[in-house]
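Step one of this worksheet: look at the structure below.
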Amino acid sequence: MSHSNPRAFNFNAGPSALPLDVLEKAQQELVNFQGTGMSIMEMSHRGAIFETVHNEAISRLRKLYDIPENFEVLFLQGGASLQFTMIPMNFLQAGKKASYIMTGVWSEKAYKEATLFGEPVQIASTKEDKYSHIPSLDEIEVDSDDAYVHITSNNTIYGTQWSEFPDTKGVPLIADMSSDIMSKPVDVSKFAMIYAGAQKNLGPSGVTVVIIRKDFLAKANTEIPTILKYSTHVESNSLYNTPPTFGIYMLGEVLKWIEDKGGLTAIAKQNEEKAKLIYDVIDHSNGFYTGHASKESRSLMNITFRVADEALEKQFLSEAKDAGFIGLNGHRSVGGCRASTYNAVPLETCKALADFMLAFQVKHQ
Ligand SMILES: *Cc1c(COP(=O)(O)O)cnc(C)c1O
């Protein structure tokens with residue numbers, strides 16, 4: 001952090017860095033949005049001005065992700081965590097099975113909620129290997145009677161990511177994409193549902209994006225509370241109750257920023273470059289740094305690693321903090337170090353960390 005650039009080297013896992021351009025635009029528009037004399041937070045969610053902001057965010061999402069017509073796009077609340085409950089509540093019945101592929105703590109949380117509604121089955125798990133990799137695709141066998149298959153596309157805590165998705169042979173595939181949504185192009189048509197809390201790659205916390213196929217939606221249970229039915233939110237264009245208006249506005253601005261950057265192909269390329277800077281340091285460190293994730297399962301969003309010994313690791317984190325690096329402590333459940341390099345983390349910030357890691361190694365090896 002220097003005087004000329006007041007922005008921290010922010011590697012927070014979530015909530016996390018937002019694009020500076022977006023923050024500055026929001027600041028500029030904060031007290032007088034489009035000449036209304038009000039902020040976007042101070043006006044009706046049913047008025048024309050918010051409605052435009054809301055619908056533009058939806059159409060930007062559709063365009064950037066190339067979402068087919070037979071999918072709905074929803075903005076919900078309650079985080080990705082409420083989706084862990086809403087999914088089985090809507091799509092699982094007592095006595096029916098659903099497959100869960102276990103790649104980390106978030107998969108475990110999703111699985112646990114499903115046990116309340118039906119019979120989730122763990123059809124693959126890498127828990128015994130400390131979730132250091134994604135199961136290989138040929139290990140995965142889906143029962144054609146299952147209500148759905150659930151995966152976590154990027155494992156925020158362990159730093160692993162699916163590079164290719166399983167073929168579920170027609171069984172609806174649901175993905176928690178909270179920590180890699182819109183970090184690269186994805187073939188949405190392969191999924192029955194995609195969901196993500198916005199606070200890692202898309203905006204502030206408080207908004208959850210849900211992309212859901214219409215024919216899957218049609219199979220949902222009906223005897224459940226109104227606000228927890230996906231259909232309620234579809235029918236009201238996500239305006240059944242007061243939505244998080246500021247969050248949706250910010251999400252729309254982040255999507256505009258992605259467009260300006262050249263869309264998801266350009267974003268993906270930059271994410272690869274950013275992650276490579278840091279993985280290269282780990283791989284060329286002769287064991288001074290070791291990655292937690294197996295190479296073939298490495299995440300481009302969360303880079304998890306350890307430093308040679310524990311005392312040195314403590315010192316690494318403390319010196320990094322003094323040098324202005326934020327959020328490098330690993331998740332409390334795994335320890336070590338983690339650099340989250342989401343879309344809005346600039347290349348220069350990743351370069352600064354790579355340089356710092358190299359210098360630290362030279363000094364302490
Ligand atoms: C952060 C995270 C969650 C939890 O999201 P909330 O919005 O806090 O409920 C769930 N799944 C994954 C993969 C995450 O990274």
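Run the accessible area of the chain with a 1.4 Å probe and give the carbon-and-sulfur part as a rounded percent.
Details: 8130 of 16170 Å².
Carbon and sulfur: 50 percent of the exposed surface of the chain.
Would you calculate the separation in nanometres between label points at residue 41 and residue 235, each defined as 7 Å from the Cα along the Cα-to-beta-carbon direction?
Inter-label distance under the simple model: 3.2 nm.
Evaluate the charge dipole of the range 24-260 about its Cα centre and quote only its size in Debye, nearest 20, assuming +1 on the Cβ of each Lys and Arg and -1 on the Cβ of each Asp and Glu.
That gives the range 24-260 a dipole magnitude of about 400 debye.
Calculate, in nm to one decimal, what residue 314 and residue 286 gain on full extension: separation in residues at 0.36 nm each, minus their alpha carbon distance.
8.1 nm
I'd like the antiparallel share, as a percent to the nearest 5, of DSSP beta bridges with both residues in the chain.
Taking every DSSP beta bridge within the chain, about 55 percent pair in antiparallel fashion.
Below 11 angstrom from the Cβ of residue 100, what's the summed charge of the other residues (Lys, Arg +1; Asp, Glu -1)?
Local charge sum for residue 100: -2.
Show that you can apply the helix-only estimate: for the chain, add -39,500 (n - 2.57) for every DSSP H stretch of four or more residues, divide by all residues, and state [θ] at 222 nm to the nearest 500. Please report the intermediate quantities before stating the final value.
On the way: 10 runs with 129 residues, N = 365.
That calculation yields -11000 deg cm²/dmol at 222 nm.
In whole Hz and in residue order, list the ³J(HN,Hα) couplings for the range 339-351 that follow from phi through the Karplus curve 6.51 cos²θ - 1.76 cosθ + 1.60, θ = phi - 60°; x for Gly and Pro.
Coupling constants for the range 339-351: 10, 8, 10, 4, 2, 7, 7, x, 3, 4, 5, 5, 4 Hz.
Accessible area per residue of the chain at 1.4 Å probe, in Å²? Kindly include the intermediate steps, with their values, before the conclusion.
On the way: 16170 Å² over 365 residues.
Heavy-atom accessible area per residue stands at 44 Å².
What does the net charge come to around residue 72 if you take all other residues with beta carbon closer than 13 Å to its beta carbon, with K and R at +1 and D and E at -1? Before the final figure, lay out each step's value.
On the way: positive: 62, 213, 214, 229; negative: 69, 215, 235.
For residues surrounding residue 72, the net value is +1.
Given the Cα-Cα distance of residue 273 and residue 30 and 0.36 nm per residue of separation, how much length would full extension add, in nm? Present the calculation step by step, with values, prior to reporting the outcome.
On the way: separation 243, 0.36 × 243 = 87.48 nm, distance 3.39 nm.
Between residue 273 and residue 30, full extension yields 84.1 nm more.
Can you give the accessible area of residue 51 in Å² (nearest 10), computed on protein heavy atoms with a 1.4 Å probe?
80 Å²
Using Cα positions and a limit of under 20 Å, work out the aspartates and glutamates in reach of residue 109, with same-chain residues fewer than 8 apart set aside.
Cross-link targets: 119, 128, 129, 146, 176, 180.
For the range 24-260, compute Rh as the Kirkwood radius over C-alpha pairs and then the Stokes-Einstein diffusion coefficient at 20 °C and 1.002 mPa s; write the answer in µm²/s, rounded to an integer.
Once the numbers are plugged in, D ends up at 116 µm²/s.
What does the charge count around residue 234 come to, taking other residues whose C-beta lies under 15 Å from its C-beta (Lys +1, Arg +1, Asp -1, Glu -1)?
Its environment carries a net charge of +1.
Kindly write out, for the range 357-365 in residue order, the coupling ³J(HN,Hα) from the Karplus curve 6.51 cos²θ - 1.76 cosθ + 1.60 (θ = phi - 60°), rounded to whole Hz, with x marking Gly and Pro.
Whole-Hz 3J(HN,Hα) from phi for the range 357-365: 4, 4, 5, 5, 5, 4, 5, 10, 5.
Which residues among the range 135-160 fall inside the zone where the amide N is under 12 Å from a point 7 Å beyond the Cα of residue 93, along Cα→Cβ?
Backbone N within reach: 147.
Over all directions, what mean area does the Cα convex hull of the range 326-365 project, stated in square nanometres?
Values: hull surface 13.8 nm².
About 3.4 nm², averaged over all directions.
At 1.4 Å probe size, put 322, 143 in order of accessible surface, largest to smallest.
These residues rank, largest area first, as 322, 143.
Could you work out how much longer the chain between residue 242 and residue 63 gets when fully extended? Use 0.36 nm per residue separation minus the Cα distance between them, nm to one decimal.
This chain segment gains 61.9 nm when fully extended.
Using a 7 Å offset from the Cα along the Cα-to-Cβ direction at both residue 326 and residue 226, what is the distance between the two label points in nm, to one decimal?
4.1 nm
Can you give the direction-averaged projected area of the convex hull of the alpha-carbon atoms in the range 228-331, in nm²?
10.6 nm²
The values are calculated or read from the model by the stated rules, or taken from the named source; none is laboratory data. All figures in this text were calculated on a predicted structure; none of them were measured in a lab. Every residue, glycine among them, receives a Cβ derived from its backbone with ideal geometry; neighbour counts consider all protein chains shown. To get the accessible areas, we keep the full protein, side chains included, count just its heavy atoms, and leave off ligands, DNA and RNA. Shrake-Rupley method; radii C 1.70, N 1.55, O 1.52, S 1.80 Å.
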